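Asks: Sending over a structure as structure tokens; questions will come in a sec.
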Amino acid sequence: MENKPATNIQELKQFGEFGGVNPSITDSSTFTFLEANTMIDTFSGNAPGCFLYSRHWNPSNKYLADALAAMEGTESAWVTGSGMAAITCAMLQLCKSGDHIISSVTIYGGTFAFLKNYLPKFNINVTFVNISDLESVKSAIRPNTKMIYTETMTNPLLQISDIPELAKISKKNNLKLVVDNTFCPMIVSPFKLGADIVVYSMTKFINGKNDCVAGAICASNEFINSLSDVNDGTAMLLGPVLDPLRSSSILKNLHTLHIRMKQHSKNAMYLANKFKENGLKVNYPGLPEHKGHKILKSMMNEEFGFGGIISIDMETPEKASKLMEMMQNEGVGYLAVSLGYFKTLFSNSGKSTSSEVPEDVQKEMGLSAGLIRFSVGLDNDIENTFQKIKKCLNRL
Ligand code: PLP
């Protein structure tokens, strides 16, 4: 399949059984069978196309999963009730007691907490590395290592993972490379670059409306089938399934993702340049001086730009708080966590979505206490937005 994530979604012929242009919503938890034997076959996985029970599969979830698989170029996908459910199910499916994981140290705080505080309860241990230092990734490999985990563009430091190089290391050592692509849907296609499993928080850009929490796992048929196996599948047995009504609304939003990503990226690039011109300490992978700029350029589907996330370093949490309150009052956007929304959102990462990362680790990884992360919105007049931000900066 060609590397055209948006076109691949558009080319799917998904419609309702009565000719509705949107697939019908199946709001049923269970499904009837005309013959008892078909039910038995479905339980043992021998009745393709039959649905059994919605914790296992539901047609509405299948439509969304198929569209996500088309976007990523994977054989299959599974949709979950949150991004964390996607991440934790993928990890628990791959690892058992006694196994070891290598993870980027700069990742979303919730994932960091799961790896650091939760998995050791199951005797699964994690080595955190600087994911850009490929030698340290290699030297962290142990005989019991099962996977390398990273984010394409890390939260909140926007460090860029070199997916082709990490894929080489994992293939050579028989490991699985699991990549969270939440910040870069469409922009980067990690599976096509060699990742084995791609996970998403669909709560963010993919849905783009901040009206729900959802996640996805995109991978091979074999892996997705293993997740939903009735006997030992992590997704089937832990049960974090997405509600089919939500799947249906996310699918409709997915069809505008390509346009939204372009506009988020365009606006973020504009602000990054303006912040730079105004002497702010700005971090944006679209700027040529960003450490990961070249790697991202070599991996990206260029038409979608460098993404909608920027950060600026205000040095102290007090200064960051003051600026954020002023920006909210001025109508720049909302002081809120999360990202990928049509309005601009901003938060102080160290005190919010990375607060699970201990302060000494935050310092070590270069996360300033005064960092403001912006998820730049779809503003039609970004120049006007910048003027509002400038007014706040001048009053600081
Ligand atoms: N991955 C990344 C990169 C995130 O930023 C987040 C949430 O902020 C998650 C995963 C978790 O997603 P969710 O809140 O949908 O569980």
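Asks: As a check on your grasp of the helix formula, calculate [θ] at 222 nm for the chain: sum -39500 (n - 2.57) over DSSP H runs of n ≥ 4, divide by the residue count, round to the nearest 500.
Replies: Details: 15 runs with 147 residues, N = 396.
Roughly -11000 deg cm²/dmol at 222 nm, from the helical runs in the chain.
Asks: Which GluC sites (Glu not before Pro) in the stretch 1-101 sit in a loop by DSSP (not H, G, I, E or B) and have at most 10 other Cβ atoms within 10 Å of their own Cβ? Write down the numbers at each step before the final one.
Replies: Working: sites: E2, E11, E17, E35, E72, E75; in loops: E2, E11, E17, E35, E75.
Passing sites in the stretch 1-101 are E2, E11, E17, E35.
Asks: Rounded, prolate or oblate: pick one for the stretch 259-394, where a ≥ b ≥ c are the square roots of the eigenvalues of its C-alpha gyration tensor, a/c under 1.5 means rounded, and failing that, prolate if a/b is larger than b/c, else oblate. Provide the component values of the computation, followed by the final result.
Replies: Values: a/c = 1.57, a/b = 1.10, b/c = 1.43.
It is oblate, given that a/c is not under 1.5 and a/b is not larger than b/c.
Asks: In nanometres, what is the gap between the two model label sites at F122 and K276, each 7 Å from Cα along Cα-to-Cβ?
Replies: It is 4.3 nm.
Asks: Taking the Cα centre of the stretch 298-392 as the origin, how large is its charge dipole in debye, to the nearest 20, when only Lys and Arg (+1) and Asp and Glu (-1) carry charge on their Cβ atoms?
Replies: Numbers: 9 positive and 14 negative charges, 64 e Å.
Dipole magnitude for the stretch 298-392 comes out near 300 debye.
Asks: Relative contact order of the chain: what whole-number percent is it, with Cα pairs under 8 angstrom and at least 6 residues apart?
Replies: On the way: 796 pairs, mean separation 66.1, N = 396.
Reported as a whole number, the value is 17 percent.
Asks: Would you work out which of G331, N301, A320 lies farthest towards the positive end of the dipole of the stretch 259-394? Charges go on Cβ: Lys and Arg +1, Asp and Glu -1.
Replies: Farthest along the dipole direction, towards plus: N301.
Asks: Between E356 and E11, what FRET efficiency comes out of the Förster formula 1/(1 + (r/R0)^6) with R0 = 56 Å and r the beta carbon distance, rounded to 0.05?
Replies: On the way: r = 41 Å, r/R0 = 0.72.
Efficiency for this residue pair is about 0.85.
Asks: Another question, if that's okay. Mind checking the full-extension length gain between A36 and E302? Use 0.36 nm per residue of separation minus the Cα-Cα distance, one decimal, nm. Kindly include the intermediate steps, with their values, before the conclusion.
Replies: Values: separation 266, 0.36 × 266 = 95.76 nm, distance 5.20 nm.
Computed gain between A36 and E302 is 90.6 nm.
Asks: Please give the length that would be gained between V21 and T256 if that part of the chain were fully extended, namely 0.36 nm times their separation in residues minus their C-alpha to C-alpha distance (nm, one decimal).
Replies: Values: separation 235, 0.36 × 235 = 84.60 nm, distance 1.54 nm.
Full extension of this stretch gives 83.1 nm more.
Asks: Working out 0.36 nm times the residue gap between K291 and V230, then minus their Cα-Cα distance, what length gain in nm do you get to one decimal? It would help to have the intermediate numbers written out before the result.
Replies: Values: separation 61, 0.36 × 61 = 21.96 nm, distance 4.51 nm.
My answer for the length gained is 17.5 nm.
Asks: Please give the FRET efficiency for S97 paired with E222, using the beta carbon to beta carbon distance and R0 = 30 Å, rounded to the nearest 0.05. Write down the numbers at each step before the final one.
Replies: On the way: r = 22 Å, r/R0 = 0.75.
Approximately 0.85, to the nearest 0.05.
Asks: Which FRET efficiency value, to the nearest 0.05, do you get for N173 and L238 by plugging their Cβ-Cβ distance into 1/(1 + (r/R0)^6) with R0 = 22 Å?
Replies: Working: r = 28 Å, r/R0 = 1.28.
For R0 = 22 Å, the calculated efficiency reads 0.20.
Asks: Sticking with this one: Mind giving me the nanometre distance, one decimal, between the label points for D211 and E75, set 7 Å out from Cα along Cα→Cβ?
Replies: Inter-label distance under the simple model: 3.6 nm.
Asks: Just to be sure I follow the definition: excluding the sites themselves, where is the longest run in the chain that has none of the trypsin sites (Lys or Arg not before Pro) in a DSSP loop with at most 14 other Cβ atoms within 10 Å?
Replies: Working: sites that count: K13, K96, K209, K281, K291.
Longest run free of exposed loop sites: 97-208.
Asks: Can I ask one more? Ignoring any ligand, DNA or RNA, what whole percent of the accessible area of the chain comes from carbon and sulfur when the probe is 1.4 angstrom? Each step should come with its number before you reach the end.
Replies: Values: 8750 of 17090 Å².
Answer for the chain is 51 percent, counting heavy atoms of protein chains only.
Asks: What order do H255, H56 take when sorted by accessible area (1.4 Å probe), most exposed first? Write out the running numbers ahead of the final one.
Replies: Working: H255 75, H56 35 Å².
The residues order as H255, H56, largest area first.
Asks: If I fit a long axis through the Cα atoms of helix 163-172 and take the longest principal axis of the Cα atoms of the chain, what angle between them do I get, 0 to 90°, rounded to 10?
Replies: 50
The values are calculated or read from the model by the stated rules, or taken from the named source; none is laboratory data. Just so you know, these numbers come straight off a predicted model, no measurement behind them. Cβ: placed from backbone, ideal geometry, glycine included. Neighbour counts: every protein chain shown. Surface accessibility is based on the protein's heavy atoms, side chains included, excluding ligands, DNA and RNA. Shrake-Rupley method; radii C 1.70, N 1.55, O 1.52, S 1.80 Å.
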